[in-house]
Amino acid sequence: MGREPAERVALMAIHERYADAIMSGVKRVEFRKRRLADDIETVWVYATAPVSKVIGRFSVDDIVQGSPQDIWDRFGAVGVIERDDYFRYYDGSATAVAIVVGEAERLPDPVGLDELEPRPAVPQSFAYLPVASSPSAMLAPV
């Protein structure tokens with residue numbers, strides 16, 4: 001039996017340089033302090049200012065949780081972040097989350113949040129959106 005299609009996606013705010021690295025295939029993991037819900041298969045990438053638009057999406061291959069040191073040891077080489085910056089980000093955190101990037105696809109024309117209905121707020125980290133109100137409705141699935 002096949003899996004039911006996902007009913008929601010994640011919209012994730014990512015600094016422009018890291019968002020570009022994901023879209024180009026160089027950055028293979030996104031580090032977070034909070035875990036994504038297990039039903040999320042697609043993450044839409046909202047590149048932060050100065051871009052301030054959804055620039056693409058990626059499929060989630062895996063979500064791995066552990067100590068910041070364990071996650072660094074396992075994924076630091078593909079995270080496109082300097083060691084000092086990584087550990088500064090996780091300072092005071094007992095847990096780190098690695099979202100393993102699967103297939104990434106850059107949109108030919110970035111989408112402003114004001115083009116989505118209903119218009120989502122800019123996520124602080126990430127937000128969940130129904131598939132029907134995400135950029136997914138404009139494109140074929142990943």
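The values are calculated or read from the model by the stated rules, or taken from the named source; none is laboratory data. Computed from a predicted structure; not experimentally measured. Positions of Cβ are backbone-derived with ideal geometry, glycine not excepted, and every protein chain shown enters the neighbour counts.
At a glance:
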item	result
Residue match in segment 96-115 (condition: farther than 27 Å from residue 7 by Cβ and in contact (Cβ under 8 Å) with a residue 40 or more places away in the chain)	yes
Filtered residues of segment 112-129 (kept if buried (at least 16 other Cβ atoms within 10 Å of the Cβ) and within 17 Å of the chain's Cα centre (by Cα))	113, 120, 123, 126, 127, 128, 129
Positions within segment 1-17 being modelled with pLDDT of 95 or more and either more than 10 Å from residue 45 (Cα to Cα) or of a type in the set (Lys, Arg) (or both), in sequence order	17
Pairs with Cβ under 7 Å, 6+ apart, first in segment 77-90 and of a type in the set (Phe, Trp, Tyr), second in a helix (DSSP H, G or I)	86/72; 86/76; 87/68; 90/68
Test set (1) under 17 Å from residue 12 (Cα atoms); (2) out of contact with any Ser or Thr (no Cβ under 9 Å at 6 or more places or on another chain); (3) not aliphatic (A, V, I, L, M) - residue 82 fails condition number	(1)
Filter result for the condition that a residue is in contact with a Leu (Cβ under 7 Å, 6 or more places away or on another chain) and more than 14 Å from residue 126 (Cα to Cα), over 63, 22, 99, 71	63
Flag if residue 106 is at pLDDT 95 or above, assigned to a loop (DSSP other than H, G, I, E, B) and surrounded by 12 or more Cβ atoms within 10 Å (Cβ to Cβ)	no
Candidates 30, 82 - the one that is charged (D, E, K, R) and touching a helix residue (DSSP H, G or I) at 6+ places or on another chain (Cβ under 8 Å)	30
Complete set of residues in segment 109-126 that are outside any strand (DSSP E or B), of a type outside the set (Lys, Arg) and over 17 Å from residue 35 (Cα atoms)	112, 113, 114, 115, 116, 117, 118, 120, 121, 122
